[in-house]
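The values are calculated or read from the model by the stated rules, or taken from the named source; none is laboratory data. Quick caveat, the model's predicted, so the values are computed rather than measured. Cβ placement follows ideal geometry from the backbone for every residue including glycine, while neighbour counts extend to all protein chains displayed.
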Amino acid sequence: MLDIDLQMPPKGKWHTPPFDPRFPNQNQTRNCYQNFLDFHRCLKMMNRRGRSTQPCEYYFRVYHSLCPISWVQRWNEQIREGTFAGKI
């Protein structure tokens with residue numbers, strides 16, 4: 001995994017997410033979805049270990065920057081209802 005400090009943008013200078021070589025195309029739908037999953041997996045793992053969830057903020061900021069709000073709201077509803085298709 002990459003160093004968290006290298007992934008964090010300078011304070012107050014967060015306009016777009018950095019380039020992710022896993023998603024080189026213009027269509028960033030998979031990037032959005034993957035960062036949403038990574039955020040929730042990170043939260044689950046950090047809470048289970050009793051550690052700070054601060055490193056998970058990176059994924060939160062990326063998916064909030066890339067994903068339409070309606071998608072995030074629908075996915076969160078599905079998680080609450082237990083019908084989300086992704087593996088968290």
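What to note about this one:
- Screening the stretch 19-50 for residues that are part of a loop (DSSP other than H, G, I, E, B) and exposed (fewer than 11 other Cβ atoms within 10 Å of the Cβ) and picking the one that is modelled with the highest pLDDT gives 50.
- Of all residues in the stretch 51-88, those being within 26 Å of residue 16 (Cα to Cα), surrounded by 13 or more Cβ atoms within 10 Å (Cβ to Cβ) and without any contact (Cβ under 8 Å) to a residue 40 or more places away in the chain number 12.
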